[in-house]
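Enquirer: The structure is given below, and queries will be raised subsequently.
What follows draws every value from the coordinates through simple rules; no lab data is involved. Bear in mind the structure is a predicted one, so any value in this text is a computation, not a measurement. Cβ atoms come from the backbone with ideal geometry, glycine included; neighbour counts cover every protein chain shown.
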Amino acid sequence: MQRLLPGMDFIMPAPIVILTDFGLQDPYVGIMKGVILQRVQTTLVDLTHDIPPGDIRRAAFVLWQSLDHFPEGTVFLAVVDPGVGSHRLPVIAESQGYRFIAPDNGLLTYVATPKTRAWALANPAFHLPMPSATFHGRDIFAPAAAYAARGVPGRAFGPMVPSLRRIPLPAWHLEGQHMLYGEVLHADRFGNVITSLGAFRRSGSDWMLFPWPEAQTQQEPIYFTPAAVRLTDGRLLPVVRTFADIPPDETAALIGSSGMIEIAANRQSAAAMLGLKPGDPVVLLSAEAVNDTN
């Protein structure tokens with residue numbers, strides 16, 4: 001997709017947002033950018049290159065977390081590809097007004113909807129000559145992102161892919177209207193523990209709970225006042241408003257910037273303090289549920 005700038009009579013290529021697990025120690029990200037810039041002059045945004053190696057689930061969450069903060073038409077180039085060189089397909093997908101260049105390995109699970117369309121990156125006209133078996137980011141995905149930013153339609157890249165591969169959705173189960181069961185997803189670099197409990201959005205003075213990923217459910221949001229998170233050892237962590245509300249050497253929960261419940265400590269690593277790891281079960285209690293337990 002391309003954008004017509006207000007007051008101008010020319011088309012500007014779409015920006016390209018890049019997400020990888022390559023890190024920055026090696027030249028791989030820079031090489032991909034070079035391939036793109038040989039084909040289109042556009043804005044390149046580094047979303048992150050610090051996804052843990054091969055962690056498709058973490059990359060899928062980061063895509064979901066970031067989507068709404070970019071203009072419609074943005075091209076997301078997402079390369080977390082432990083199956084590079086295997087039979088997994090490289091694809092271009094269109095979903096929610098954005099375009100995605102990625103391996104079909106579940107990375108697009110949280111951003112795909114029933115209306116998502118995808119095509120295989122099979123046309124060699126949009127590859128580098130003689131693609132290697134180990135660096136599809138350079139040879140297939142980067143040139144495809146450049147041509148996508150220039151507005152080449154999805155059908156030009158190859159045959160339509162009838163369905164995308166999906167990874168299992170995180171645990172998310174609402175019991176009544178006062179207890180939400182979920183799991184630990186991961187910890188960020190500050191040691192804040194991100195859970196699948198959410199997503200929450202403000203509605204006036206109240207909180208509304210939206211099942212997520214929203215694209216995977218038809219449920220309507222409900223009013224839910226988060227009050228405490230219960231860990232497997234029975235410990236209750238109160239839900240507070242900010243990091244500063246957490247006393248020193250203690251942990252608590254709060255609603256993070258993505259609307260998900262996070263478990264945090266004040267200037268310390270909650271992940272280290274509590275020993276929580278991905279997949280550990282957690283339960284969110286509403287104010288009514290907490291009162292019932294007292």
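Enquirer: Viscosity 1.567 mPa s, temperature 4 °C: Stokes-Einstein D of the stretch 2-156 from its Kirkwood Cα radius, in µm² per second?
Expert: Calculated translational D: 84 µm²/s.
Enquirer: Distances longer than 23 Å among the Cα atoms of the stretch 173-293: what percent of all pairs is that?
Expert: Counting every Cα pair in the stretch 173-293, those more than 23 Å apart make up 24 percent.
Enquirer: Oh, and also: Averaged over all directions, how much area does the convex hull of the C-alpha atoms of the chain cover when projected, in nm²?
Expert: Averaged projected hull area, Cα only: 17.7 nm².
Enquirer: Placing +1 at every Lys and Arg Cβ and -1 at every Asp and Glu Cβ, with all other atoms neutral, what dipole size does the chain have around its Cα centre, in debye to the nearest 20?
Expert: 960
Enquirer: Label-point separation (nm) for Thr113 and Thr48, each offset 7 Å from Cα along Cα-to-Cβ?
Expert: Modelled inter-label distance: 2.5 nm.
Enquirer: Based on the Cβ-Cβ distance from Asp245 to Ala171, what FRET efficiency comes out when R0 is 25 Å, to the nearest 0.05?
Expert: According to the calculation, E is roughly 0.40.
Enquirer: So how much slack lies between Met273 and Leu37, counting 0.36 nm per residue of separation and subtracting their Cα-Cα distance, in nm?
Expert: Contour length minus the Cα-Cα distance gives 80.5 nm.
Enquirer: Gain in length, Glu72 to Met208, computed as 0.36 nm per residue apart minus the alpha-carbon separation, to one decimal in nm?
Expert: Extra length from Glu72 to Met208 when fully extended: 46.4 nm.
Enquirer: Within the chain, what is the longest stretch that has no chymotrypsin sites (Phe, Trp or Tyr not before Pro) placed in a DSSP loop and near at most 16 other beta-carbon atoms within 10 Å?
Expert: Segment 11-189 is the longest.
Enquirer: Pairs of Cα atoms under 8 Å, at least six residues apart: use those to get the relative contact order of the chain, whole percent.
Expert: Normalised by residue count, the contact order of the chain is 15 percent.
Enquirer: Further, regarding this structure: Return the Cα extents of the stretch 81-206 along principal axes one, two and three, sorted largest first, each rounded to a whole Å.
Expert: 56, 29, 26
Enquirer: Here is a follow-up. Have a look at Gly73, Gly34, Phe22 and report the one farthest towards the positive end of the charge dipole of the stretch 2-156, computed about the Cα centre with Cβ charges (Lys/Arg +1, Asp/Glu -1).
Expert: Selected residue: Gly73.
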